[in-house]
Amino acid sequence: MKGGIKGGMSAGNETGMKAALHDGQRDWSGAELDEAVGATSARLEEANTRVLATLMDNAAAFVVLDEAARRAGAVHVPLAPFFTPAQTMHVLQAAGVDTLVVDAPFAARQPAQPWSPFAVAGRALMHTRLPHAPVPLPPGTEKVTFTSGSTGAPKGVCLSGSAMRRVADGLVEALAPLDIERHLNALPFSVLLENIAGVMAPRQSGATLVTLPLADVGLSGSSQFDAARFDAAMRLHRPQSVILLPQMLRALCAHLARNGQRAPASLKLVAVGGAAVGAGLIAAAQRLGIPACEGYGLSEGASVQTLNLPGAQRPGSAGRLLPHARLRVAADGELEIGGALFSGYLGDTSAVPAEASWWPTGDLGHIDADGYVHVRGRKKNVLITAFGRNVSPEWVETKLRGQPAVLQAVVFGDGCPALRAVLWPTAASIDDDALQTAVDTANATLPDYARVQHWTRGRAAFDTLSGLATANGRPQRSAIARLHADVVEPAADPLIDSPTETLTESLTP
């Protein structure tokens, strides 16, 4: 592999103790990290930092800055490296950020700023003070995480330290039987799931973080993933746990199958979240030795609420509740959560949940007799066909993505007699016949009203570069519909335009 990946698994630091963090170059002991946190916290306090934003690659320095901000009483706003300049500016202003710390390459993109060196944990960073006025924040806010923004503008979710710690505590308790000692950080630290489940919880349990530059684990931008490079990193560093997005798991399965390999034997848990996974992909992963377990959560619940676990899982479900979480199903089928809720949205004082309240997730689902949570899809995305049948598009999309030929699928059909789909294949070499076979196979598992009758190959990849996906990889339905309007919104449909008596006759037994 060009460039290689430096630094394999170390037995520990020079004292023989287990490392708190390994960054590919060296081990960091818990004492060394704590010393760096103390020094950085003092610098933040000296500068009267109220709201700190960081824009950087995964590194020990991020872990130090995150904990230093907490110790200094400052609010931390992790910025996604894949946000556009306009999105980044929106976040900085909306959160009232007064101190910005970035990796040097990010500073070079904005030479007009008065940047100063700011070394943290041996990493050469740059920082600048910003003139933004303070903004009101809910009491106790320690972190503001920004969602991708389904319409392009990221939305700030304010989280208290107590809510985040409850989630970390719940994860530590649930994962204790697995005795995980090494966790590989494969998602950006700006992603709340990795920030809490991949940093806070492992740090609390005493596990070693294997924290490499994102390029070393095959990730670039928000949707470019090199499964071969990720596989090489796993074999070199031998982690016992990792968190992946469904697209990453699918790419890893394809890589292993193509090369006749199985996953590294060191793995005990591969937690998968961010979008629906599907029983088919979980089964395929497990056949390849990947201990894949699907979970479910949202930023308003301070990350993860449910998780399947090895020996206690039901493929196709999102798992059982973690110790910190509460969940119930409302009368209309919407899932509501409690237990570790956010403190409110940035700039919106009308949405402040009480400590013991329930929060509507916007997702539809149910809890089976054994306590496993099943998520059907977004409430707002429910389609009502011309025959009056309610269909959650995510349900059908999960079935389609479970086919080897389909990487992404978006289903439409509101008001139409039959569902329509836009498909993006797993490889450019996959022809339309293979996609039709995939649709036919998925349809065979669905009732007739939920089957896809019309489909088209996507005209662009579903990613942020095309504007067809959010920063965390979720398809932008409205943008995809506009690009394929001639297919998903046909000008005329013979069945809809049929005389009423003909349609009535077709429905008569």
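Here, each number is a calculation from the coordinates, and none is a lab measurement. Given the structure is predicted, the values throughout are model-derived calculations rather than measurements. Note that we place each Cβ from the backbone using ideal geometry, even for glycine, and neighbour counts take in every protein chain shown.
What the table below lists for this structure:
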read-out	value
In sequence order, calculated HN-Hα J values of the stretch 451-458 (Karplus, 6.51, -1.76, 1.60; Hz; x Gly/Pro)	8, 7, 9, 10, 8, 9, 6, x
Rough spin-label spacing in nm, given labels placed 7 Å along Cα→Cβ, for Leu178 and Glu336	3.1
Environment charge of Leu407, counting only residues whose C-beta is closer than 10 Å and scoring Lys/Arg +1, Asp/Glu -1	+2
Cα long-axis angle, helix 60-72 against the chain (0 to 90 degrees, to the nearest 10)	80
Exposure proxy ranking, count of Cβ atoms within 10 Å, fewest first, for Leu130, Leu192, Leu309	Leu130, Leu309, Leu192
Ranked list, fewest to most other Cβ atoms within 10 Å of each Cβ, for Ile430, Ile290	Ile430, Ile290
Global form of the chain, assessed from the alpha-carbon gyration tensor, a/c cut-off 1.5	prolate
Net +/- balance of residues flanking Leu364 in space, Cβ distance below 15 Å, scoring K and R +1, D and E -1	-1
Calculated [θ] (222 nm, deg cm²/dmol) that DSSP helices of n ≥ 4 give over the chain, each run adding -39,500 (n - 2.57)	-8000 deg cm²/dmol
Placed amide H near Ala292: partners under 5 Å, 5+ positions off or other chain	Val270, Gln286
Separation of the Ala427 and Ala119 label points, Cα + 7 Å toward Cβ, nm	4.8
Residue (of Gly297, Gln313, Asn259) at the positive-pole extreme of the chain, dipole from beta-carbon charges	Asn259
Cβ-defined net charge surrounding Pro188, 9 Å radius [Lys, Arg +1; Asp, Glu -1]	-2
Residues whose placed amide H lies under 5 Å from that of Gly274, excluding near-sequence neighbours	Gly297
Share, in percent, of DSSP beta bridges within the chain that are antiparallel, nearest 5	60
Per-peptide average of other Cβ atoms within 10 Å, ordering 164-170, 242-248 highest first	242-248, 164-170
Backbone HN-Hα couplings from phi across the stretch 405-422 [Karplus 6.51/-1.76/1.60, Hz, Gly and Pro as x]	7, 10, 8, 9, 8, 10, 10, 10, x, 4, x, 9, x, 9, 6, 10, 9, 10
Prolate/oblate/rounded label for the stretch 168-300 (Cα gyration tensor, a/c 1.5)	rounded
Between helix 246-258 and the chain: long-axis angle, C-alpha atoms, 0 to 90°, nearest 10	80
In degrees, nearest ten, helix 227-237 long axis to first principal axis of the chain (Cα)	40
Cα gyration tensor, the stretch 304-457 - rounded (a/c under 1.5), prolate or oblate	prolate
Integer Hz, Karplus 6.51/-1.76/1.60 couplings in order for the stretch 362-377, x for Gly and Pro	x, 9, 9, x, 8, 10, 7, 4, 9, x, 7, 8, 10, 9, 8, x
Residue order, fewest to most surrounding Cβ atoms within 10 angstrom, among His237, His366	His366, His237
